[in-house]
Amino acid sequence: MIEPATPPTELGVLKEWVRFDFPRQQFGRRLCIADFFASGEQGEYDVLPAQIVTMGEVASTHAAALFAGNHYSDYLYFHGLSVESAEALAELVHKQIRAELGYGQFDEADRRKFFQQGYRGTRYSFGYPACPNLEDQSQLFTLLKPERIDVSLSEEFQLVPEQSTSAIVVVHPQAKYFNIERKQAAVL
């Protein structure tokens, strides 16, 4: 595992490295990801596990070659496999994070309950409901320096290669998935 860059310090005191500005729900419980972290003003600090994983450019190159060769079925199968492999790797790293922080013991043994967030440490990815701002990928890139594993950002803040995923892991026991915006019912 590649270690992140060293956080900046000033005379041995940690200083702010990057700041995420998470939106708050305007309805219901009015949740915000920041609610699940201790306030530095109280003299307490939390950890912010973060991850970026990739299947690498070789997966994109192979998928493109299949498509260009008119092997559409093979392309679709391979593309799906490579994207899901990146997701599986992200889940493996997420499990390792929980174990290293001592929270693996809270993983639900019942598989059905596990897949209903039966574990401590929720993995939030930028662009999804709880943190919809894809632009925040740039702060994550500042923290993790993923160019070391040949991952970059497109102009639209999408991960390149496509078979990659990124996330922050919030380890507060009450952190679960939630939506920032209400979904409007379709009117036909």
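Every number here is computed from the coordinates shown, using simple stated rules; none is lab data. Predicted, not measured: the structure shown is a model, and the values here were computed from it. All Cβ positions, glycine included, derive from the backbone under ideal geometry; neighbour counts span all protein chains shown.
Please compute the modelled spin-label separation between Ser85 and Phe115, points set 7 Å along Cα→Cβ, answer in nm with one decimal. Label-label distance for Phe115 and Ser85, simple model: 2.2 nm.
Helix 72-100 against the longest principal axis of the chain: what's the angle in degrees, Cα atoms only, rounded to the nearest 10? Approximately 20 degrees, to the nearest 10.
Within the range 18-97, the GluC sites (Glu not before Pro) that combine a DSSP coil assignment with at most 10 other C-beta atoms in a 10 angstrom radius are Glu44. Could you pull out the pairs from Lys95/Lys176; Lys15/Lys176; Lys113/Lys145 whose alpha carbons sit more than 26 Å apart here? Pairs exceeding 26 Å: Lys15/Lys176; Lys113/Lys145.
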